[in-house]
1. With θ set to phi - 60°, apply the Karplus curve 6.51 cos²θ - 1.76 cosθ + 1.60 along the stretch A:743-751 and write out the HN-Hα couplings as whole Hz, x wherever there is a Gly or Pro.
2. Taking neighbour counts of Cβ atoms within 10 Å as a proxy for exposure, in what order, fewest first, do A:His577, A:His277 appear?
3. Classify the stretch A:479-635: rounded, prolate or oblate, from the alpha-carbon gyration tensor (a ≥ b ≥ c, eigenvalue square roots; a/c under 1.5 rounded; otherwise prolate if a/b is larger than b/c)?
4. Between A:Ala686 and residues 5 or more places away or on another chain, which pairs have amide H atoms under 5 Å apart, with H built 1.01 Å from N, and which residues are they?
5. Output needed: percent of Cα pairs per 10 Å distance bin for the stretch A:56-168, bins running from 0 to the one holding the longest distance.
6. Just flag the chymotrypsin sites (Phe, Trp or Tyr not before Pro) in the stretch A:269-323 sitting in loop per DSSP whose Cβ has no more than 11 other Cβ atoms within 10 Å.
7. Under 16 Å Cα to Cα from A:Lys13, which lysines show up? Leave out anything in the same chain fewer than 8 places away.
8. As a footprinting exposure proxy, order A:Met732, A:Met209, A:Met383 by other Cβ within 10 Å, with the fewest listed first.
Amino acid sequence: MEWKEQYGGLILKQMRRLGESVDWSREVFTMDEPRSRAVATAFVRLYEKGLIYRGHYVVNWCPRCLTAISDEEVEHEESETLLYHIKYPVAGTEKHITVATTRPETLFGDVAVAVHPKDRRYAHLVGKTAILPFARREIPIISDEYVDPKFGTGALKITPAHDANDFEVGKRHGLEPVIVLNPDGTLNAQTGDFAGEDRFAVRKKIAEMLADRGLLARTESHRYSKATCSRCDSVIEPYLSRQWFVKMKPLAEPALQAVKKKQVKFFPARWTKTYGHWMTHIRDWCISRQLWWGHRIPVWYCGDSACGALTVAVDPPAACGTCGKGGLMQDEDVLDTWFSSWLWPISTLGWPEETADLKRFYPSTFLVTGPDIIFFWVARMIMAGIEFRGEPPFAHVLFNGIVRDPQGRKMSKSLGNSPDPIAVMDEYGADAVRFTVVYLAPLGQDILFDAKRCETGKFFANKLWNAARLVKMRLADTDPRKVKDGQLALTLADRWILSRYANCVKDVTRNLKTYRLSEAAQALYQFTWHEFCDWYLEMIKPRWTPAADGSLPDEKDALTARVVASRVLDGILHLLHPFMPFVTEEIWQALPHTGETITTSAWPKAKKAWFDSEAEEQVQFLQEVVTAIRNMRSEMNLPPAKVVNAVVRADGDALKALEANRATLGPLARVGEWTIGPEAQRPGVAASSIVRGMEVWIPLVGLIDVAAERIRLTREADKVLSDLEGTKKKLMNQDFLSKARPDVVQREKDRLEVLDQTVVKLKKALEALRA
RNA sequence: GGGCGAUUAGCUCAGCUGGCUAGAGUACCUGCUUGACAUGCAGGGGGUCACUGGUUCAAGUCCAGUAUCGCCCACCA
């Protein structure tokens, strides 16, 4: 209980700090009374259905934990060991039969030597007996299909108590198993002089002694998969003991169907294959543990040896269910922790009582977890849900990637490579950590996590904070909620940001629906920073920034900017809220808002009217012009403070767009005077750039670095020429023209035209420099 | 032995339905005390998309195979 307070408390603290959205009033503990009752009830019901049984079997035994563990708790690792070829003398002859084993120390537990029935090499020995070295026991030489004649010597020592397959072979031949190990992995009294010594020490010693007696034919190195305990890393011993098991096949079948029929859907879908494979090859689940911590097995044994019956019950029975006598003893073992975990979806809702919660909340919509516990937990929850409630506990399962350290290793206590989440949050902030981790983790992909990467989220939060600060400041005492659409006059920039925003809403919402959280986060990051902040907030500065005397260029225009900016910001806050709950709530509260908390306010919707491809197209063009001018300025080493003039030769829509947005473009490109028109001429010495086939010049008398400009233009021309070549090639291809989609063909044609013009004009610009 | 993932800029990775003239963050170079933000702004260099074949008008994207790394499963001593 102390342990629970300490570590359970830490996890809860981390959850609160991370801002997890949790109903804290429903916190329960796996060992509390209602949950214990659920566990006992499940056991009793399965027992009564004949799905739980007790028996002697070879199980995975951990000599350090001193308990049986399930197959899932065993880890396998490719490893190298020695394969010992040991000669067993054949009784009554001078001959030997040589067996191959990796564990010579278990020879004391041998009860037979087996060969394949069709193996001619050994046919004459079947029926004879072999003499076990040291043990002075004779054991039969038998034949069994199980033996692989091609492995080792083709003769197999049979040790039923310490090998699951040998156990089966032994059973077929009516051979009594001999246990030679103590629970702690030392040899037992069966082994005479070796009793009390560790299995690995004995292995070495036996090998030496066999060699001394000429009974060790040879050793060879052998690759095998080493089985270790997932908790303590000790080498697992197959060990014959009495344990409780759950019969899995009947439970697995409906659970397998539920996933096949998409009643339960996995994200990413590939895990359904893993699940399906495991479910089809499932083996019975060993649920008893020889530990002190856990739910006791709800089984009582009659104290009367004449009766000896067992009573299985949820509540401790007063008397034996068979003979009615008292003095019952409860089973000493406890249950595998997963035996309570698999009931989690129902036990937390009050099962086995038919509670209101259970009726209302079962089944739930989805589960988030790691793929490393798909068998331990997910599969078993589905089985338990169907078994006890008649339907699966959830519709969707999201499998997160696993967070690894920068070297790609799994976070583990022994490596000490897992950062303390609280410390990371202290350094970067909870929102930053949340955002960064989601941003970095594509659906189901493991991520290499370095705390330093949380800068991404931290800087982003800072950016958002400052953008909000600007909006709040410029909003002055305007309350955008009270402004009617009719009071607004949307400019191109406004239409553009609303359109981009609508796209962003669509994108984020769609990605969230399919659990592509990282893509949703990236879309938000991109939109917020590089469209809303970098462009929109810059574009509207001339409109809503008051002069020194507090006056605005145009009241209606300023109002429109205020309303659009604050609406888009409000939308961003909502979309971002699941990723960064703290900072978004804080900002939202500081701005005019409706409702108590952003958490429960409505999720943004993209209004159809906002999608405006014309505005997007036009602004994109203007951005290209601005970028071209910035590029020229930068390459010509013109300081940002230096205001220059610009000349653009343009006509048609381009001309209109430029004319209409002079005031917006000026500050962005730091251009003072614009000369725009179809007849505009290169102004003598100038830097030039071609945007969509139109020439843009910056007159630079006395300022231009001719050599630098020539290099820049040449580089530009090279790139355009190679693009041009590719495009030409495509358009000369008859198959392309006839088979490609018409819009694709048209796009290539348009591109060709623009590129052609660009090349011509770049060449002209280069010539002009020569003069 | 089976299954699954990964292989794209120096590094960490996006790129879902094939149209990419291949992106982001970071690192790097240049210039900026531009009245929200130097946790910032602007500009720039940097990639034969592991390899080999195939399908297609068109492949980072689809198919087959190969290689390397990683994970999971499997009762061959």
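Values in this text are rule-based calculations from the coordinates and carry no lab data. Quantities reported herein were computed from a predicted structural model and do not represent experimental measurements. We place every Cβ from the backbone using ideal geometry, glycine too, and count neighbours over all the protein chains shown.
1. In residue order, the calculated couplings are 5, 5, 4, 4, 4, 5, 5, 4, 4 Hz.
2. A:His277, A:His577
3. Judged from the Cα gyration tensor, the stretch A:479-635 comes out oblate (a/c at least 1.5, b/c at or above a/b).
4. Counting only residues 5 or more places away or on other chains, the set is A:Leu700.
5. 13, 42, 30, 13, 2
6. Counting only loop positions with at most 11 other Cβ atoms within 10 Å, the chymotrypsin sites (Phe, Trp or Tyr not before Pro) in the stretch A:269-323 are A:Trp292, A:Trp293.
7. Partners within reach: A:Lys4.
8. Working: A:Met732 9, A:Met209 14, A:Met383 26.
So the residues, fewest neighbours to most, are A:Met732, A:Met209, A:Met383.
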